[in-house]
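Visitor: First, the structure itself, so that you have it in front of you.
The values are calculated or read from the model by the stated rules, or taken from the named source; none is laboratory data. Keep in mind that what you see is a predicted model, and the values were worked out from it rather than measured. Cβ atoms come from the backbone with ideal geometry, glycine included; neighbour counts cover every protein chain shown. Protein only, heavy atoms only, side chains kept; ligands, DNA and RNA dropped before computing areas. Shrake-Rupley method; radii C 1.70, N 1.55, O 1.52, S 1.80 Å.
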Amino acid sequence: MEMETETQKPFQVDMGNLLAFNPFHNFPSLPTSRDELVKECIQEGTKLVQAIADSIFNLPSTEDADGPLVKLPTPTTKLPREKHLPKPKPPTKWEEFAKKKGIKKRKKDKVVWDEQTGTWKRRFGYDRVNDDKDIPIIEAKMTDEPGVDPFAKRQDDKKKRVEKQEKNRLQNLKQAAKIGALPSHVQLAATALPITGTQAPPKKVTKDELGNVAGMAATSTASGGKFDRKLPGEKPAKKQGKHRKFLPVVEGSGIGSREKEQTENVLNKLISKHSHEILNVDKAVTMYNVKKEKKARNKRNQEGKSSSATNKLKPKKQLHKKNGKKGPGSSKKGKAK
Amino acid sequence: MRPLDEKETTAVFEKIFKFTGNNLKNIVENPSHEGPDKEPGRYCFRLHKNKVYYVSDSLVKRATNVARTKLASIGTCVGRFTHGGNFHLTIECLNLLAANAKHKVWLKPTSEMSFLYANHVLKGGLGRITESIAPGDGVVVFSMSDLPLGFGVAAKSTQDCRKLDPNAIVVLHQADIGEYLRMENQHEQIIEE
């Protein structure tokens, strides 16, 4: 702490925290009103800020593009801690057991010599010693049950061990949370844990869901939220209700342009959807066949014409007509008999 | 009474399209000479109490004077929307369909009565049938003297009909003009409501 000796009233200045105090200040007479008190405080505060500014400019500075830079000394005033000291964690089940039995923790190397490959390998984790993948053969024992895959069993056992350890860990966390020995973020996770282990953990409400609920609540008044006083900074309700709006019954003279447009839209969509059905293959095939027959008949007829005498046309023409009527008539009407 | 929204329009048009094909355009763009206006107006579809009406616009205009609760019916009732949101055609739309029908079936005089009692059309009762009917198409049923009797859905295609057992169903019954007598009470009730 530095003492300002130049002024007659010395201030205590803590440069590290940019703090200044005047421990010797006395009010000559108690201020009568609050305004006066505030005024005096501001005056005194100005002096203190000035003292800080003075001492900053007394410090050795380096030039920079933005101006002189000063390195502040380490703070001397000890500020109080915001949160209370963390409570000691209760011992876990294993720690209690180990204490009872007198088991002490031993340091183990992180890497172990692997005799199979002749290299140093990690004790745990990826590419570890005695990894399940590295075991090509498991010797049969007398106790082995027939029909059980020893490799699958090994994997299964490991999975079970991991699951059991996870359960133990959560149990210990829960115990610690009960005492209140967990920091707040861990505590949140621990209290969200299922109590019995069978229940699913409660779902967190997402931001969107919260917005929807808030919007619903805001519009659940008699006026649908229209005439409610809004809070400062309140945004319009997120989830607006669906209001069906219909076209006017009569718009201008009779049917409105918007309704006409909508009808046309739907109609065009419908027609274009079914446009591929314009070509009827069955019909096309029968028409083609009929045409072909006709052509063939005409040809035959003409040949007959040229060969036969001209004055014997009449009966033949009649015959042809009869035939022609019969052919297409039967196919067109498609008599269902 | 209100115009149909887009979803409803689609439902109505799709149902009529099954019967009329592209002739649906004629129904929609049919000019109306009703009312005092000199130039012809149009017909439009209006929904009123679950029922869809085919009305000329001049009639719609005048019908707006009647309170919604008091309005029993306007124009031609084409069909109704069921509670589940499906659209069903009713017998009142028969004239509209018959004039624009794409697929037709003519009944023999002997089987007319059977159809008018809401029975399906059997192969044995079939007089004539138009070409290129596919199963599921809407079919308008006529008597041999070209009097529209009702409508239904084709159960068999035209080609299948040729070689079919006479007791097989060709057209599934949907509505017939016998309903005017059989369901007289229901129609009256609706108007009284």
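Visitor: Say whether the condition of being over 30 Å from A:LEU173 (Cα atoms), hydrophobic (A, V, I, L, M, F, W, C) and modelled with pLDDT under 90 is met by at least one residue in region A:81-90.
Guide: Checked against the condition, which is being over 30 Å from A:LEU173 (Cα atoms), hydrophobic (A, V, I, L, M, F, W, C) and modelled with pLDDT under 90, region A:81-90 yields no hits at all.
Visitor: Let me ask another. Would you be able to say whether some residue in region A:273-280 is at pLDDT 80 or above, within 14 Å of another protein chain (Cβ to nearest Cβ) and open to solvent by less than 100 Å² (accessible area, probe 1.4 Å)?
Guide: Yes, region A:273-280 has at least one match.
Visitor: In addition: So, in region B:14-27, of the ones that are open to solvent by 50 Å² or more (accessible area, probe 1.4 Å) and under 13 Å from B:HIS88 (Cα atoms), which residue ends up nearest to the other protein chains (Cβ to nearest Cβ)?
Guide: Applying the filter and picking the extreme gives B:GLU14.
Visitor: Out of all the residues in region B:129-166, which are within 14 Å of another protein chain (Cβ to nearest Cβ), polar (S, T, N, Q) and either touching a strand residue (DSSP E or B) at 6+ places or on another chain (Cβ under 6 Å) or free of Cβ contacts under 8 Å to residues at least 12 places away in the same chain (or both)?
Guide: B:THR130, B:THR158, B:GLN159, listed by residue number.
Visitor: Does any residue of region A:87-107 turn out to be open to solvent by less than 70 Å² (accessible area, probe 1.4 Å), under 23 Å from A:LYS167 (Cα atoms) and not in a loop (DSSP other than H, G, I, E, B)?
Guide: Yes - at least one qualifying residue is present in region A:87-107.
Visitor: Quick one: in region A:159-215, of everything that is at pLDDT 65 or above and touching a Leu at 6+ places or on another chain (Cβ under 8 Å), which residue is surrounded by the fewest Cβ atoms within 10 Å (Cβ to Cβ)?
Guide: That would be A:VAL186.
Visitor: Also: With A:THR143, A:THR92, A:THR119 as the choices, which residue is outside the structural domain of A:GLN175 (by the TED database), among the β-branched types (Val, Ile, Thr) and touching a Lys or Arg at 6+ places or on another chain (Cβ under 9 Å)?
Guide: Going through A:THR143, A:THR92, A:THR119 in turn, just one is outside the structural domain of A:GLN175 (by the TED database), among the β-branched types (Val, Ile, Thr) and touching a Lys or Arg at 6+ places or on another chain (Cβ under 9 Å): A:THR92.
Visitor: Right, something else. Can you say whether B:ALA11 is farther than 23 Å from A:ARG258 by Cβ and either in the same structural domain as B:PRO148 (by TED's automatic domain parsing) or open to solvent by 10 Å² or more (accessible area, probe 1.4 Å) (or both), as far as the supplied structure shows?
Guide: no
Visitor: Being open to solvent by 30 Å² or more (accessible area, probe 1.4 Å) and away from chain A (no Cβ under 11 Å) is the filter here; which residues of region B:66-81 pass it?
Guide: B:VAL66, B:ALA67, B:THR69, B:LYS70, B:ALA72, B:SER73, B:GLY75, B:THR76, B:ARG80
Visitor: Also, I was wondering about something else. Could you list all residues from region B:88-107 that are open to solvent by 70 Å² or more (accessible area, probe 1.4 Å) and farther than 18 Å from B:GLY136 by Cα?
Guide: Within region B:88-107, B:ASN95, B:ALA99 qualify.
Visitor: Going by the conditions given, is B:LEU126 among the aliphatic types (A, V, I, L, M), in contact with a strand residue (DSSP E or B) (Cβ under 9 Å, 6 or more places away or on another chain), open to solvent by 10 Å² or more (accessible area, probe 1.4 Å) and farther than 18 Å from B:ASN100 by Cα? Show your work before the answer.
Guide: Working: among the aliphatic types (A, V, I, L, M): yes; in contact with a strand residue (DSSP E or B) (Cβ under 9 Å, 6 or more places away or on another chain): yes; open to solvent by 10 Å² or more (accessible area, probe 1.4 Å): no; farther than 18 Å from B:ASN100 by Cα: yes.
The answer is no for B:LEU126.
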